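Visitor: Here's a structure for you.
Since every read-out is calculated from the coordinates, none of them should be taken as a lab result. Computed from a predicted structure; not experimentally measured. For neighbour counting, all protein chains shown are included, and Cβ atoms are generated from backbone atoms with ideal geometry for every residue, glycine included.
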Amino acid sequence: MTRVVVVSPPFHSHAQPMSVLAGSLARAGVDTYLACAEPFADMARAAGVGFAPLTVTRNANTGVARSTAQDAREAARLDEFLSSTREGAVAALLTQSRHRGEDMLADPDRVLAEMRALHERLAPDWYVVDQLSFPVTLALHCLGLPFATFCPGHPSYLPHEPQALFGVPYAWPSAIRPAEEDLTRLRLAARANDVAFTQQFARVARHHVSKGGTPGRAFALASRRAVVFNYPPFPWLPVRRATGPRYVYGGHCVPEETQNPGDGWESILARLRAEARHIVLIALGTFLSARDDVLAVLVRGILSAVPNAAVVVAAGDRVSRLSRLAGPRVHVATTVPQRWLLRHVDAMVHHGGNNSFTECVASGVPALVLPFSSDQFSIAHDAEKAQLGVCLDPARLTEAQAGAAVRELLDRTPPGLSRWTGDLSGRGPDWTADRLLGAMREQAR
């Protein structure tokens, strides 16, 4: 039997879709393991796959970033990032650029040693590695081990040409148009990171026996066999070379069956439905739930503009700060069963994270997108262009804007939603696993 190890960094938003894909590989007859930090062992069990403990970065997020146990330096960097999101798009991206080395390439030699030990212990036929786990990709390259790349974010995270820079959005939504001088600063910072990471990759490769030759440009290093994009196949996405790896646009990683989440959620929804015709889910992700100021603006704006709507809010460690807003039409929780709720709500407000975006499309739920950082601006652009929702700038958001946008989504379904929801219904994790297995077998021959 073929054995595959799926390697995820210790971030909930990455491990969740990768564990779903691991489960699909297992159902396809593959002996599958999820390799991640110890707190994610339950995800492996839920997916029906084996678990291998592996830590690939000092940073972590087990579900609510600010509540995850980590050292003082990591906590300080998180606070700095959250503060920068208040200043706007480029400020947040520049902060992430400064943090990139500590976030993504802190100790490549140690990771290589751990990957060698993991391979000796499990001896898999090949790996699936998160594209943002740069030290793992580098280790597999240096060890000459076959692997497929899983891209957990926007496809442009994997540069398609020399001019494309990791950390610079390939396109912007209409509500956010940075000044050219700010974009110049961002491009300079991104290019400096590109050079620094590439030099570090070359250094590691020189000190280890490599069967794969020079790593080349760091951010472009990926599988030569197969690359999976957890994203819809939008026709305007950057065109990639016809030769090289098989590119698989899986659409989403939402499992077909989502069990009742417990914790009284059915009762909570019944109570809200008794008070309102519509239910709106507000969830800004495991990091940005800390922006309770934005959450409060959203709740007040929706309640004021849409009298027949109720809201469910994922507030992370900010529940007490938002408790004053709780009432007959408002339920505030630390975390929410998002994939289950998307089967029962009428609209969602999210931050443009890949999981939230693709889960909304797969569920046929219109969205108000508020991009703060990372690839969220590119995803917000695509949401607009595909006519799947609307986008606003969270750094300048008003209650009136928030309420009007949600009211528009509830009054008129975005025209692109039915098309893309229908397209994604033919894709998903099982479809992706089948295409991935075919690509790896073909390349092996």
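Visitor: In nm, give the distance between the simple-model label positions of Gln163 and Ala220, each being 7 Å from the Cα along the Cα-to-Cβ direction.
Guide: The answer from the label model is 1.4 nm.
Visitor: Further question: Taking the Cα-to-Cβ direction at Ala179 and at Glu87 and moving 7 Å from each Cα, how far apart do the two end points lie in nm?
Guide: Label at Ala179, label at Glu87, 1.3 nm between them.
Visitor: Cβ under 11 Å from Asp194's Cβ, Asp194 left aside: what net charge do those residues give with Lys, Arg +1 and Asp, Glu -1?
Guide: Value of the local net charge: +4.
Visitor: Set the Förster distance to 45 Å, then compute FRET efficiency between Arg343 and Arg121 from the Cβ-Cβ distance, nearest 0.05.
Guide: In this case the efficiency is close to 0.70.
Visitor: Please provide three numbers in whole Å: the alpha-carbon extents of region 110-256 along the principal axes, with the largest listed first.
Guide: Each principal axis gives a Cα extent; for region 110-256 these are 51, 42, 27 Å.
Visitor: For a footprinting-style exposure proxy, rank Met1, Met115 by other Cβ within 10 Å, fewest first.
Guide: Met1, Met115
Visitor: Sorted from largest to smallest, which semi-axis lengths in Å does the alpha carbon gyration tensor of the chain give for its equivalent ellipsoid, taking the root of 5 times each eigenvalue?
Guide: Each semi-axis is √(5λ); the values are 35, 24, 21 Å.
Visitor: Could you pull out the trypsin sites (Lys or Arg not before Pro) across region 175-226 that fall in loop regions by DSSP (anything but H, G, I, E, B) with no more than 16 other Cβ atoms inside 10 Å?
Guide: Counting only loop positions with at most 16 other Cβ atoms within 10 Å, the trypsin sites (Lys or Arg not before Pro) in region 175-226 are Lys211, Arg217, Arg224.
Visitor: Taking neighbour counts of Cβ atoms within 10 Å as a proxy for exposure, in what order, fewest first, do Ile282, Ile176 appear?
Guide: Taking fewest neighbouring Cβ atoms as first place, the list is Ile176, Ile282.
Visitor: Related question: Given region 88-176, report the % of alpha carbon pairs whose separation exceeds 18 Å.
Guide: Within region 88-176, distances greater than 18 Å cover 55 percent of Cα pairs.
Visitor: Still on this structure: At a 10 Å Cβ-Cβ cut-off, how would you order Arg291, Arg412, fewest neighbours first?
Guide: Arg412, Arg291
Visitor: Among His381, His154, His207, determine the one that fluctuates most according to a GNM of the chain built with springs between C-alpha atoms less than 10 Å apart.
Guide: His207
Visitor: Oh, and also: Report, in cubic angstrom per residue, the convex hull volume of the C-alpha atoms of region 265-425.
Guide: 97 Å³
Visitor: For the chain, which span is the longest to avoid every loop-located (per DSSP) member of GluC sites (Glu not before Pro) having at most 13 other Cβ atoms inside 10 Å?
Guide: That would be 258-445.
Visitor: What percent of all Cα-Cα pairs in region 133-201 falls into each 5 Å bin, going from 0 up to the bin containing the maximum distance?
Guide: The calculated distribution, bin by bin, is 3, 13, 19, 23, 20, 10, 6, 4, 2, 0.
Visitor: Magnitude of the Cβ-charge dipole of region 265-425, K/R +1 and D/E -1, about the Cα centre, nearest 20 debye?
Guide: 400 debye
Visitor: Which one of His141, Val49, Ala395 is farthest out on the positive end of the charge dipole of the chain, using unit charges on Cβ (Lys, Arg +1; Asp, Glu -1) and the Cα centre as origin?
Guide: Ranked along the dipole, the leading option is His141.
Visitor: In nm, to one decimal, how far is the modelled label at Phe234 from the one at Thr413, with both set 7 Å along Cα→Cβ?
Guide: With each label point 7 Å from Cα toward Cβ, the separation is 2.1 nm.
Visitor: Given only helices, namely DSSP H runs of n ≥ 4 each adding -39500 (n - 2.57), what is the per-residue ellipticity at 222 nm of the chain, to the nearest 500 deg cm²/dmol?
Guide: -14000 deg cm²/dmol
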